[in-house]
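Please treat every number below as a calculation from the coordinates, not as lab data. Just so it is clear, the structure is predicted and the values come from calculations on it, not from any experiment.
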Amino acid sequence: MVDQETTVRSGSCLCRGVTFRVVGQPLRVGICHCEECRKTSGSTFSAFAIWPLDAFEQLTGYTSSYSGRSFCTTCGSRVASLRDDEAEIMIGSLDDPPSDLIPEYELWIGRREIWLNALPEAVQFSKDREDSDSASRPRRPGDDEPMPVPGREPPVQEPDPDRLPDEEPNPNPDENREPPMRV
Ligand SMILES: [Zn+2]
Ligand SMILES: [Zn+2]
């Protein structure tokens, strides 16, 4: 039962043997640079959207799966990965490009190719999404002020020249990675 206001998106594999649809808006949209996403896609990252499982319906075709990731048995295209309560859909398998789905988070950013920039509004995770301690917003103009480190006072400037200065606190080790030079 789909009312007229509900968005229905159709998807398919390369050979069009597998077709499916997803109903309503996804729960979340992300991209991932992890090793599994690189290997299974053959690309350098994957872009996916996740719906509640009952919003997904496979209409035609045959799939096989490896490690929870489904693919068309004829053409090998990745389609959906079904879990207990969620369906992960590869954005590229949807039929009407470009989609209106914009990733709101990025995973495993340490593996991001150097020619890719962080998505400006996407929350950045060093590993999986559950690793919330590592989440950070992409850098923006005005972000150069060092963040105060909780429970640690900034080093006091002592006049004694024999005294070694305190080590500068480094609030975000990832910021030591400079982006490549642009010419
Ligand atoms: Zn196919
Ligand atoms: Zn991944």
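Computed quantities for the displayed model
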{"item": "Gain upon complete extension [GLU121, ARG16; 0.36 nm per residue less C-alpha separation]", "result": "34.4 nm"}
{"item": "Amide H contacts under 5 Å for SER70, placed H, 5+ residues apart", "result": "VAL79, ALA80, SER81, LEU82"}
{"item": "The stretch 8-136 - Rg over Rh from alpha carbon coordinates, Kirkwood radius", "result": "0.96"}
{"item": "Under the Karplus curve 6.51 cos²θ - 1.76 cosθ + 1.60, θ = phi - 60°, whole-Hz ³J(HN,Hα) for the stretch 21-37, x wherever Gly or Pro sits", "result": "9, 10, 10, x, 7, x, 6, 6, 9, x, 10, 9, 9, 5, 4, 5, 5"}
{"item": "Whole-number D in µm² s⁻¹ for the stretch 14-71, Kirkwood Cα-pair radius fed into Stokes-Einstein, 10 °C, 1.306 mPa s", "result": "123"}
{"item": "Residues with amide H under 5 Å from that of LEU27, placed H, sequence gap 5 or more", "result": "ILE50, TRP51"}
{"item": "Length released on extending from ASP95 to ARG83, taking residue separation times 0.36 nm less the Cα-Cα span", "result": "2.1 nm"}
{"item": "Karplus-derived HN-Hα couplings along the stretch 66-74 (A = 6.51, B = -1.76, C = 1.60, θ = phi - 60°), whole Hz, x at Gly and Pro", "result": "9, 6, x, 9, 8, 8, 5, 6, 8"}
{"item": "Antiparallel bridges, percent of DSSP beta bridges restricted to the stretch 27-90 (to nearest 5)", "result": "100"}
